[in-house]
Amino acid sequence: MNAPSAPPLPKSLQANPQLGQWLKILPDGEVHVCVGKVEIGQGIATALLQMAADALEVDAGRIRMVQPSTAYSPDEGVTSGSLSIQDCGRSIRHVCAEARELFRQEAAQRLGTEPDDLILDDGTIIGPGNARTSYWELAQDVPLDRPATPGERAVRRRHASGREDLARIDIADKIFGRPHFIHDLRPADMLHGRAVHPLRLGSRRSGTEDLAAIAGAGVQVFEDGAFIGLLSDDELKVEQAAARLREKITWQGGAPLPKEAELPDWLRAQPVDPVVETRGEASAQPAARTLSRSFLKPYIAHASMAPSCALALWPQDEGETRLRVWTHSQGIYNLRADLAVVFDLPLDAVVVEHVEGAGCYGHNPADDVALDAALLARGCPGRTVRAQWSREDEMSCGPFGPAMRVDLDVDLDAEGEIAGWRHTIWSNGHSMRPGRAKQSTLRAAAEMEGGAPCPIAINMPAATGGGADRNSMPLYVFPDTRITNNRLMVMPIRTSSMRALGAFANVFAIESMMDEVAREKGEDAVAFRLRHLKDPRAVKVVEEAARLVNWPAGNGLESGGRGFAFARYKNTGAYCAVVADIVCEEEVRVERLTITVDVGEVINRDGVLNQVEGGAIQATSWALKEAVRFDRDGILSRGWESYPILRFSEVPAVDIHIIERPDLPPMGAGEASQGPAGAAIANAVFDAIGVRMTQYPITRENLIAAMELGL
């Protein structure tokens, strides 16, 4: 009988199998951990450090998380999809556990004993008779320039050894105002750069304005096609020059935008590339009746707290590195690939280093401004150029989360049970990240003379979570389910990845319709969901959320309502159920969100709580406030006044309960709560005033429109 094969290496480790690329143990007692996933405010560096410390059985204070760089870090693609713990974390755990055993074996030989007789204590290896050595003494004798090998290796988990979660390693600098973000970098002899971008894709300058005269003294002007860049030693001068040029330059041509009021019909009328997925079989009996609803999610901006920023340097001495870039991109290797394409350089001639930016979950303009910096720096070798976008640029020129129309048709049999479920999506693709095509997707690459037009956004394959179709296949079990994802083949408004991708709109549609069908049957909304769930972990999450609020008891709020929603992110990730308690008066106000999650093994409890809470609050802002405004000529919502987000005074109380699963693989938490939080708010509105909201955001104007339609 054949022995069972060893479990395969974690995904990121399969792609980067050398132990030494991830881990360095130094004779001075330090441990360096190098990863390809980047810190974007989600606390991932802390969680990964914790996993490394546990696997090596050393004190966390010995470990330094090395800043990711294409010069030496493992290539882990993009930090996205709530996969950092699942892919990177499991890889780090495996690497450190394997290294621990290699050191244990070397120590056993040196001490004349068996590996199982050794005890580890913060890197000190203790044998019988108190004979000792350490990682640090053996560092030169245990080479890690070797490939990882498959197999399970025990890890003494932090909670099992009685230790608490690590405190976030990135917070102190932020609280005390110490230089930390990319915006804080100020190398010697630095130049300040700005770019002036047209507001419509494909536009070109139509006037004959004297750009140098408008920019003024002390500011250099670079013009290449529609790309206009400015450089100066004085940041104030270059900022003022950019503002004058934005006001004076006239543009013509480019892709006309649709009319905002006609967005749902426009989405459905465009040429599309359809993808169909089915589950189950159609009933031979005709449906007794069909419930149909059409849902809309508008374009959403990233609305990062600080505009995007990057630094670039073309060294005067043309050595191996021809271009060096510092960026807060979520995919440094992907960005490197696009920069190499634009400048016709070998990949190894471009080095991209990550420096944390001021908040974003998705593809914001961080990659775009990196190309701006590189273009401006090309004209002044040996001097570092710091390029920063304006708030207006950030809100109007970067990629948006795509608008989505979702039509749901639910066939009911004579008893009111669901016999068929048809879910049809119209949306642009949800990924235009760099590094995934032969041509660059960066904005300035399309603006430069001779540059290829901006490519149309794609969707990721369903096997990796999908894009517009993410979470469109219900976790509920119905006899016949059909999903049609229509990817638009035109893109007048630039779109790409936004936190949760299509899940925010799809869960909104699914959970609204589940609520409506339950009410049609006169059945409790939670009981109805439970009847259609077969996954025991899903059942547990739903039951626990209902128990925490004593469902379906009212929330005791005057003009209040209570709504429920559930989803498993990507149907393969974390489980999340949300109960929303709202007040609906002149406008909707969310008072409390009660959330239950199952993320498998919890690596850092505080990190899970922060991610789930942050996602739910962001979803509340999306659901109640956010929509990109535009007309035929361009984006109109170019600042906070025209693109409102949730204020601190409007943030709801958030109660989170984690279902402990210490023996199951860990899953990411960053995108689990967006879909259920928004959908629960919409269902709570119906509970409060009997109006079915089918369009985000749930503003006073959209509420009135829904009332007039009799929804």
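The values are calculated or read from the model by the stated rules, or taken from the named source; none is laboratory data. No experiment lies behind these values; they were computed from the predicted model shown. Note that we place each Cβ from the backbone using ideal geometry, even for glycine, and neighbour counts take in every protein chain shown. Calculation scope for accessible area: heavy atoms of the full protein, side chains included, ligands and nucleic acids excluded. Shrake-Rupley method; radii C 1.70, N 1.55, O 1.52, S 1.80 Å.
Against the list (1) open to solvent by less than 30 Å² (accessible area, probe 1.4 Å); (2) modelled with pLDDT of 90 or more, the condition GLY151 fails is (2). What residue, of VAL95, VAL142, VAL155, is in contact with a strand residue (DSSP E or B) (Cβ under 9 Å, 6 or more places away or on another chain) and within 30 Å of ALA574 (Cα to Cα)? Within the list VAL95, VAL142, VAL155, the selection yields VAL95. Residues in segment 256-290 that are of a type in the set (Gly, Ala, Ser) and farther than 16 Å from PRO492 by Cβ: GLY280, ALA282, SER283, ALA284, ALA287, ALA288. Checking each residue in segment 308-334 for being of a type in the set (Gly, Ala, Ser) and within 16 Å of ILE40 (Cβ to Cβ) picks out SER308, ALA310, SER329, GLY331.
Summed over segment 69-89, residues that are modelled with pLDDT of 95 or more, open to solvent by 20 Å² or more (accessible area, probe 1.4 Å) and either out of contact with any helix residue (DSSP H, G or I) (no Cβ under 6 Å at 6 or more places or on another chain) or polar (S, T, N, Q) (or both) total 2.
For GLY615, the conditions (1) small (Gly, Ala, Ser); (2) open to solvent by less than 10 Å² (accessible area, probe 1.4 Å); (3) in contact with a strand residue (DSSP E or B) (Cβ under 8 Å, 6 or more places away or on another chain) all hold with the exception of (3).
Within segment 430-466, the set of residues being among the β-branched types (Val, Ile, Thr) and open to solvent by 30 Å² or more (accessible area, probe 1.4 Å) comprises ILE456, ILE458, THR464. Taken over segment 121-136, the residue count meeting the criterion of being crowded, with 18+ Cβ neighbours inside 10 Å and either modelled with pLDDT under 95 or more than 19 Å from LEU19 (Cβ to Cβ) (or both) is 2. Where strands (runs of 3 or more DSSP E) fall entirely within segment 297-389, those with at least 3 residues that are aliphatic (A, V, I, L, M), at pLDDT 95 or above and touching a strand residue (DSSP E or B) at 6+ places or on another chain (Cβ under 7 Å) are at 309-313, 350-354. Taking segment 185-239 as the range and being of a type in the set (Ser, Thr, Tyr) and open to solvent by less than 60 Å² (accessible area, probe 1.4 Å) as the test, the residues that pass are SER203, SER206, SER232.
When segment 496-540 is filtered for residues that are on the phi > 0 side of the Ramachandran plot and in contact with a helix residue (DSSP H, G or I) (Cβ under 6 Å, 6 or more places away or on another chain), only ALA500 remains.
When LEU609 is tested against (1) open to solvent by 10 Å² or more (accessible area, probe 1.4 Å); (2) part of a loop (DSSP other than H, G, I, E, B); (3) hydrophobic (A, V, I, L, M, F, W, C), exactly one condition is not met: (2).
Based on what the data block shows, is LEU48 assigned to a helix (DSSP H, G or I) and either buried (at least 21 other Cβ atoms within 10 Å of the Cβ) or touching a Gly at 6+ places or on another chain (Cβ under 7 Å) (or both)? Taking the combined requirement at face value, the residue satisfies it. Summed over segment 641-681, residues that are touching a Ser or Thr at 6+ places or on another chain (Cβ under 9 Å), crowded, with 24+ Cβ neighbours inside 10 Å, in a loop (DSSP other than H, G, I, E, B) and not hydrophobic (A, V, I, L, M, F, W, C) total 3. Taking segment 15-45 as the range and being over 27 Å from the mean Cα position of the chain (by Cα) and open to solvent by 10 Å² or more (accessible area, probe 1.4 Å) as the test, the residues that pass are GLN18, GLY20, LYS24, ILE25, LEU26, PRO27, ASP28, GLU30. Checked against (1) more than 33 Å from the chain's Cα centre (by Cα); (2) of a type outside the set (S, T, N, Q); (3) modelled with pLDDT under 95, GLU164 meets all criteria but (1). Within segment 499-517, the set of residues being farther than 13 Å from PRO676 by Cβ and not in a helix (DSSP H, G or I) comprises ARG499, LEU501, GLY502. Taking the criterion of being open to solvent by 10 Å² or more (accessible area, probe 1.4 Å) and farther than 17 Å from MET707 by Cβ, the residues of segment 582-593 that qualify are ARG589, GLU591, ARG592.
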